[in-house]
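Below is one structure, written out as structure tokens; the observations come after it.
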Amino acid sequence: MYNRCYEVYHNLGRWLWEKSDQAVQERFNELGERRCEEGIPLAEVLWALVFTKDLLLEYLGAYGLADSAVELYQQQELDRLICHFFDRAVCYTAAGYERQVLKKKTSGEDRELRRSRSFWPQGGLFRNGRKP
């Protein structure tokens, strides 16, 4: 978890100041696809991004003391840019994840998974054809 957060924080400055959205889109689409392949539920992936953002904003709020109106404005602008970045990261991650789910469905991978994880015995609960 530490390495994943560090990677986001390490590249954040470049992503915030670049005007191109393409690098962010590619990175987080790929992240969503990879997390889907790893079997991590989408909600957990998205919450990890939300917590990463919240921790960063909390840190900046605690240590980014503004001494003037200009510095306060700069702090607010940085917070806005960070929130905007993480909003896009969540959307791109979800899109990549959903795209990977769709690939699995069209390839038949999901049927194999469901069959192998089935609670009921082969043939279903009523194998002999009789119902209660």
Item to complete: Select from the stretch 1-104 those GluC sites (Glu not before Pro) which occupy a DSSP coil region and have at most 16 other Cβ atoms within 10 Å, ordered by residue number.
Response: E18, E38
Discussion item. Give the residue list of trypsin sites (Lys or Arg not before Pro) in the stretch 5-78 that are DSSP loop and have at most 16 other beta-carbon atoms within 10 angstrom.
Written reply: K19
Fill in: Point-to-point label distance, L78-R14, nm (Cα→Cβ direction, 7 Å offset)
2.0 nm
Discussion item. If I take R0 = 41 Å and measure r between the Cβ atoms of E71 and E37 in this structure, what FRET efficiency does the formula 1/(1 + (r/R0)^6) give, to the nearest 0.05?
Written reply: 0.40
Worksheet entry | Long-range Cα-Cα pairs in the stretch 43-115 (distance over 22 Å), rounded percent | 46 percent
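Bear in mind that the values in this text are calculations on the coordinates, not laboratory data. These numbers come from a predicted model, not from an experiment. Note: ideal-geometry Cβ built from the backbone for every residue, glycine included; neighbour counts use all protein chains shown.
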